[in-house]
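**Q** One structure is given below, represented as structure tokens, and several questions about it will come after.
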Amino acid sequence: MGAQIRVYRQKISSTTSMRKIFKAMELIATSRIGKARARVAASLPYANAITRAVSAVASQSEIDHPLTTEPEQIRRAAVLVITSDRGLAGSYSASVLKQAEGLNELLVGEGKEVKMYLVGRKAQAYFDFRNRPYGRVWTGGTDAPEFATAQEIGDALLADFATDYAEGGVDEIHVVYTRFKSMVTQEPTVVRLLPLEVVEEQAASESDLLPLYEFEPETEQVLDALLPRYIESRIFAAMLQAAASELAARQRAMKSAGDNATELIKKFTRLRNTARQAEITQELSEIVAGADALNAS
């Protein structure tokens with residue numbers, strides 16, 4: 001009986017320590033989510049402005065630019081998957097990877113080859129464990145992304161997009177990430193970046209009209225300058241959305257884990273008290289039985 005009580009005491013102690021860790025991680029995520037949401041909001045004006053500029057250039061000209069023209073045949077597609085570097089965020093990374101697998105099956109079903117690009121150690125571990133190839137991987141700082149990383153990713157994707165298929169190039173580029181909607185709702189999302197699909201992060205009103213531009217020197221050179229910045233801004237916006245979603249998911253997961261730890265502590269405490277009562281009852285019974293034996297003799 002005493003051994004059983006020691007086991008419950010050890011379980012209570014270890015669960016209490018884990019609850020402290022969960023509470024600390026919840027507080028850290030709570031303190032950082034505000035900044036992450038502010039970065040998402042701050043990125044929207046620039047993203048929307050460059051989106052409108054690219055939309056105007058693409059819609060007001062009839063040039064045959066490789067970044068805005070749908071190829072006759074798409075043979076290889078690049079998929080950028082944005083996950084997290086760390087766990088303890090519930091099903092955050094698993095949901096993104098599931099969405100990426102669904103996209104992969106769809107593209108393969110259409111007869112396309114798929115070349116994966118990964119952001120986050122969770123995605124890297126997922127593909128390494130299954131011995132599946134991928135082009136490049138970027139890790140570190142998924143919960144606080146830097147624009148320099150988005151530029152590096154954009155340069156790598158654009159370089160492959162400009163490369164011929166026979167030399168390992170790709171014909172289209174997709175991004176799989178988690179869109180932050182609220183503290184409760186985060187949605188895994190797939191966006192095709194190239195060939196260009198203009199999508200603004202905030203819906204414009206019906207009365208908004210695209211401005212008229214005069215191009216100098218040439219429209220092709222304007223697109224050559226605008227589109228790489230457009231791709232970088234879209235990737236960075238996706239990384240910011242993913243970071244806010246990761247922190248929100250971690251906050252919820254750690255709160256749930258802390259609540260479960262509290263319930264386990266209550267359960268183990270009741271079991272320990274029951275074991276102690278049983279031990280005390282047994283000792284009293286043995287004392288009474290011994291006293292009765294002495295009286296009888």
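**Q** Dipole of the range 64-149, Cα-centred, from +1 at each Lys and Arg C-beta and -1 at each Asp and Glu C-beta, to the nearest 20 debye?
**A** Dipole size: approximately 400 debye.
**Q** Let me ask something additional. Under a cut-off of 27 Å between alpha-carbon atoms, report the lysines in cross-link reach of K20, not counting same-chain residues fewer than 8 places apart.
**A** Reachable lysines: K11, K35, K122, K255, K266, K267.
**Q** Same structure, new question: So for the chain, averaging the separation of alpha carbon pairs under 8 Å that are six or more residues apart and normalising by length, what relative contact order in percent results?
**A** 33 percent
**Q** Anything in the chain that counts as a DSSP H helix reaching 24 Å or more along its axis (C-alpha) with Kyte-Doolittle mean of at least -1.0? List them, would you?
**A** Membrane-span-like by this criterion, though nothing is claimed about a membrane: 2-59, 92-109, 219-296.
**Q** Continuing with this model, one more query. Of all alpha-carbon pairs in the range 79-118, indicate the percentage at a distance above 13 angstrom.
**A** Percentage above 13 Å: 54.
**Q** Next question. Taking H as built 1.01 Å from N, whose amide H comes closer than 5 Å to the amide H of S84, not counting residues under 5 places away?
**A** K122, A123
**Q** Among L193, S43, A225, flag the residue with its Cα farthest along the positive direction of the charge dipole of the chain, charges on Cβ as +1 for Lys/Arg and -1 for Asp/Glu.
**A** S43
**Q** Also, quick follow-up: What's the center-to-center distance, using Cα atoms, between the range 258-296 and the range 100-123 in Å?
**A** Between the Cα centre of the range 258-296 and that of the range 100-123, the gap is 58 Å.
**Q** Would you please give the residues with an amide H less than 5 Å from that of W138, counting only those at least 5 places away or on a separate chain, with H modeled from the backbone geometry?
**A** Counting only residues 5 or more places away or on other chains, the set is L118, V119, G120.
**Q** Turning to a different aspect of this structure: Round to a whole number: what % of the accessible area of the chain belongs to carbon and sulfur, probe 1.4 Å?
**A** Reported share for carbon and sulfur atoms: 53 percent.
**Q** Here's another thing I want to ask about it. Given points 7 Å out from each Cα along the Cα-Cβ axis, report the D224 to V137 separation in nanometres with one decimal.
**A** Here the answer is 3.6 nm between the modelled labels.
**Q** Checking a compactness column here: for the chain, what do you get for Rg(Cα) / (2.2 N^0.38 Å), N being the number of residues?
**A** 1.50
**Q** Let me spell out the model: positive unit charges on the Cβ of Lys and Arg, negative unit charges on the Cβ of Asp and Glu, origin at the Cα centre of the chain. What dipole size does that give, in debye rounded to 20?
**A** 2740 debye
**Q** Sequence-distant or interchain residues sharing an amide H contact under 5 Å with E113, placed H: which?
**A** Correct list: R76, A77.
**Q** Extending each Cα 7 Å along its Cβ direction at Q277 and Q10, get the distance between those two points in nm, one decimal.
**A** Result: 2.5 nm between the two label points.
**Q** Further, regarding this structure: I want the antiparallel fraction of DSSP beta bridges within the chain, as a percent rounded to 5.
**A** In the chain, approximately 35 percent of DSSP beta bridges are antiparallel ones.
**Q** According to a simple spin-label model (label point 7 Å from Cα along Cα-to-Cβ), what is the distance in nm between K23 and F129?
**A** Those two pseudo-labels are separated by 3.1 nm.
**Q** On to the next question. Calculate, for the chain, the solvent-accessible area per residue in square angstrom, rolling a 1.4 angstrom probe over the heavy atoms of the protein chains.
**A** For the chain, the solvent-accessible area averages 54 Å² per residue.
**Q** Which is farthest toward the positive dipole end of the chain among T281, Y126, L103, measuring Cα position about the Cα centre, with Cβ charges +1 (Lys, Arg) and -1 (Asp, Glu)?
**A** Of the listed residues, the answer is T281.
**Q** What is the dipole size for the range 33-180, taken about its Cα centre, with +1 at each Lys and Arg Cβ and -1 at each Asp and Glu Cβ, in debye to the nearest 20?
**A** With only Lys, Arg, Asp and Glu charged at Cβ, the dipole is about 940 debye.
The values are calculated or read from the model by the stated rules, or taken from the named source; none is laboratory data. Since the model is a prediction, treat every value here as computed from it, not as a measurement. When we count neighbours, we look across all protein chains shown, and the Cβ atoms used for this are built from the backbone with ideal geometry, even at glycine. Remember, those area values only see protein heavy atoms, side chains included, never the ligands or the DNA or RNA. Shrake-Rupley method; radii C 1.70, N 1.55, O 1.52, S 1.80 Å.
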